[in-house]
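Step one of this worksheet: look at the structure below.
Laboratory data are not the source of any read-out in this text; all were calculated from the coordinates shown. Keep in mind the model is a prediction, meaning the values are calculated, not measured. Here Cβ is always computed from backbone atoms with ideal geometry, including for glycine, and neighbour counts include all displayed protein chains.
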Amino acid sequence: MYFIEERSQDDIAAVLQTTRSNVSRMLKQARELGIVRIKIDHPSKRDERLEQALQERMGLSDARVLAIDPGPDPLPGVGRLTAGWLHDHLRDGNVLGLGWGATLQAVAAALEDAPQRDIEIVQLIGGLSTIASASTGQELARRFAERLGARNRYLHAPAVFASAERLRAMLAEPSISSTLNAARAADIALFGLGDPRRGSVAAWIQELDLSEAERRLFSTLGAVGDVCGRFYDLAGTEVRTPITDRVLSVDLDDLRRIPITVAVAAGRSKGSSILGALRGRLINVLICDEQAARAVLELGLDRQPPVEP
């Protein structure tokens with residue numbers, strides 16, 4: 001009567017000649033005994049076959065793939081999947097290193113009701129004042145810490161400096177060097193994968209104070225992705241750009257030494273960025289939507305790395 005006929009508890013009590021509180025108790029007992037089982041179709045449904053394929057063919061220790069039609073924006077769903085992964089894997093005492101960007105912004109939004117953790121949040125890259133403030137390293141660190149009940153350590157400095165000399169001077173500051181060392185010692189690193197050819201990373205590059213020659217050089221280097229301002233090609237090899245010596249962030253070798261490195265990506269266009277990061281051993285956990293997963297699996301078959309002599 002309650003679940004199928006959708007009758008109220010008062011109506012059921014009248015039919016059974018009992019009280020409403022007795023009906024409520026019976027409904028509760030029915031769930032406890034397994035007579036009634038409630039299944040919720042969550043909007044973050046996973047594609048387990050793609051997850052298994054990614055782990056087996058790409059050497060990942062874990063993968064979560066959002067099953068979604070091509071139409072809707074996948075970012076909120078990927079953000080929820082990532083929030084769920086953090087819920088399952090974060091432990092008290094952990095240090096969580098954070099990148100920047102719109103993808104992690106979606107993760108922060110999904111952490112609204114997250115359980116509180118005794119952890120520390122630390123930035124993997126300095127602030128990025130040229131992009132939307134909500135996705136900068138400092139703002140994201142603040143939001144993650146607020147929603148997880150965590151402590152945080154800020155990198156109170158820009159991500160890119162006007163010269164290598166100015167960056168070296170900043171690195172000599174104890175507060176900066178100690179925070180960067182804490183990032184290098186993180187238990188888990190969480191970051192998005194940028195694409196220098198499109199999106200927010202391309203816009204960021206355009207806003208940097210580069211000469212025309214440096215901009216042309218950027219476009220010829222073969223970079224397919226970046227992590228925290230560090231660019232790499234399809235083989236996963238670091239690409240030295242005009243800003244390499246001016247970026248305040250952990251480097252790619254630092255990331256490889258972090259035990260758990262989690263990349264979050266959405267969209268078919270991220271296929272090359274993901275594949276390069278996999279080949280470069282920059283990530284061991286991937287959280288993405290099914291379009292990104294299919295793209296990286298197809299590219300992995302079509303573009304095998306060259307055989308070393």
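Largest mean-square fluctuation among Gly222, Gly194, Gly267, in a Gaussian network model of the chain whose springs join Cα atoms under 10 Å apart, belongs to Gly222.
For the chain, modelled as a GNM whose springs connect Cα atoms under 10 angstrom apart, the maximal fluctuation among Glu112, Glu298, Glu173 occurs at Glu173.
Extension gain for Gln52-Ala213 works out to 53.5 nm (0.36 nm per residue, less the C-alpha to C-alpha distance). Taking the DSSP bridge list for the chain and keeping only pairs wholly inside it, about 25 percent are antiparallel.
Return, ordered by residue number, the residues of the stretch 75-98 whose backbone nitrogen is under 19 Å from a label point located 7 Å along Cα→Cβ of Asp113. Counting only backbone N, you get 76-89. Within the listed set Gly126, Gly236, Gly34, the Gaussian network model of the chain (springs between alpha-carbon atoms below 10 Å) gives the highest mean-square fluctuation for Gly34. Based on Cα atoms of the stretch 48-302, Rg over Rh with Rh as the Kirkwood radius reads 0.94. When the charge dipole of the chain is built from unit charges on Cβ atoms (+1 for Lys and Arg, -1 for Asp and Glu) and taken about the Cα centre, the candidate among Gly79, Phe218, Ile12 whose Cα reaches farthest toward its positive end is Ile12. Couplings 3J(HN,Hα) for the stretch 111-122, derived from phi with the Karplus relation 6.51 cos²θ - 1.76 cosθ + 1.60 (θ = phi - 60°), are 8, 4, 10, 5, x, 6, 10, 8, 10, 10, 9, 9 Hz, where x marks Gly and Pro. Net charge dipole, the chain: roughly 280 debye, given to the nearest 20, about the Cα centre with Cβ charges of +1 for Lys and Arg and -1 for Asp and Glu.
With point charges of +1 on the Cβ of Lys and Arg and -1 on the Cβ of Asp and Glu, referenced to the Cα centre of the chain, which listed residue (Val262, Leu148, Met1) lies farthest in the positive direction of the dipole? Value computed over the given set: Met1.
Contact order for the chain, expressed relative to its length and based on alpha carbon pairs under 8 Å spaced 6+ residues apart, stands at 18 percent.
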